[in-house]
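Single-structure report; data block below.
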Amino acid sequence: MRALKAGFRLILLLLIAVPVVAGVYALARPVEAERDWIGLQRYWRVTASRFGIPLPGTPDLSDLNGRLAAHGVSAGDPVLLRIFKREFELELWLMRDGRFHRFATYPICKWSGELGPKIKTGDRQAPEGFYTVDKQALNPNSAWHRSFNLGFPNAFDRASGRTGSLLMVHGGCGSIGCYAMTNPVIDEIWRLVTAALGGKQPRFQVQVYPFRLTEKNLSRHIASPQHAFWTSLKPGYDLFEASQTPPKVSVCGKSYAFAPGGEGYDGSGPIEAGCPAAPPPAAP
């Protein structure tokens, strides 16, 4: 009996001590703690995938039509994707009444590298930034079940001297610079993006972020060498957050430039070099 009580005390002590130690570690060494957390996420997600276990947060993939009806949208409506690395989430938005409505949030099984953009071939980084995907980017016979190419390097990446190719969103749970979604999840995403591209949307916008670009999250990463780049993405992030319409994106010099898309804009404008026109002078 004494041994049993001692065992319970030890378990209780561990239940208290582990979160406390983890919290102290996160406060003392936030960058290392975040990197360790991301590594742990990758490990258990890959393990779950090997055993065919759906990741927590996966929608009911067996009832796509019912979920579409419940949201008041249809396959073929314009689509927009947002990816958040740290959160391991891919959001799929569908247009309804001139604005985008978040239809589903899918757990990402794996992405490679660390928080931060892809810089050069071989760095194993998954890209960050603003991209567009058209029919030519689709690969229904991918080695990773199905895939679509994000289009890296885009105009911004090229202006910044970044190199790399074949950066995808695909099935499975392996990644060298890509975003792996598992086969069942990519099948549903595929159905919706191909339906959109088969309609009136010539290309759809994909916004890829290291994390949700709140002021709090950016301030936590102020010491990162990527802080300036992440801050440069925030105006586009904020425009969508405020209006649920994608920004019009261009590349001015070596920087992203954003303008409001306006109600009904589906994000299909190409991302090209060009600086936004200066606003007209205010009336005297």
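Relative contact order, percent, of the range 117-228 when contacts are C-alpha pairs under 8 Å separated by at least 6 residues?
Details: 171 pairs, mean separation 30.9, N = 112.
Averaging sequence separation for qualifying contacts and normalising by length gives 28 percent for the range 117-228.
Across the chain, how many lysine pairs, 8 or more apart or on two chains, come within less than 15 Å at their alpha-carbon atoms?
Details: K85/K110; K85/K118; K135/K200; K216/K234; K234/K248.
Lysine pairs meeting both conditions in the chain amount to 5.
Please state, as a whole number in µm²/s, the translational diffusion coefficient that the Stokes-Einstein equation yields for the chain at 20 °C and 1.002 mPa s, with Rh defined as the Kirkwood radius across alpha carbon pairs.
Calculated translational D: 105 µm²/s.
With everything on Cα atoms, drop me the angle between helix 2-28 and the longest principal axis of the chain, reported from 0 to 90° to the nearest 10.
Roughly 30 degrees between the two axes.
Of G122, G164, G267, which is the most mobile in a GNM of the chain whose springs link Cα atoms less than 10 angstrom apart?
It is G122.
Below 8 Å between Cα atoms, with a sequence gap of 6+, how large is the relative contact order for the chain in percent?
Over the chain, the number comes to 17 percent.
Working with all protein chains in place, sort C275, C252 by solvent-accessible area computed with a 1.4 Å probe, largest first.
Per-residue accessible area, sorted high to low, gives C275, C252.
Give, as ranges by residue number, the residues of the range 112-132 whose backbone N falls under 14 Å from the point 7 Å along Cα→Cβ of Q226.
Answer for this model: 112-120, 123-130.
Is it possible to state the helix-based mean residue ellipticity at 222 nm for the chain, with each DSSP H run of 4+ residues giving -39500 (n - 2.57), the sum divided by total residues, to the nearest 500 deg cm²/dmol? What is it?
Counting only the DSSP helices, I get -11500 deg cm²/dmol.
In the full protein assembly as shown, how much of D77 is accessible to a 1.4 Å probe, in Å² to the nearest 10?
40 Å²
The values are calculated or read from the model by the stated rules, or taken from the named source; none is laboratory data. Note that the structure is a prediction, hence the values are computed from the model and not measured. Using ideal geometry, Cβ is built from the backbone for each residue, glycine included, and neighbour counts are taken over all protein chains shown. For accessibility, only protein heavy atoms count, side chains too; no ligands or nucleic acids. Shrake-Rupley method; radii C 1.70, N 1.55, O 1.52, S 1.80 Å.
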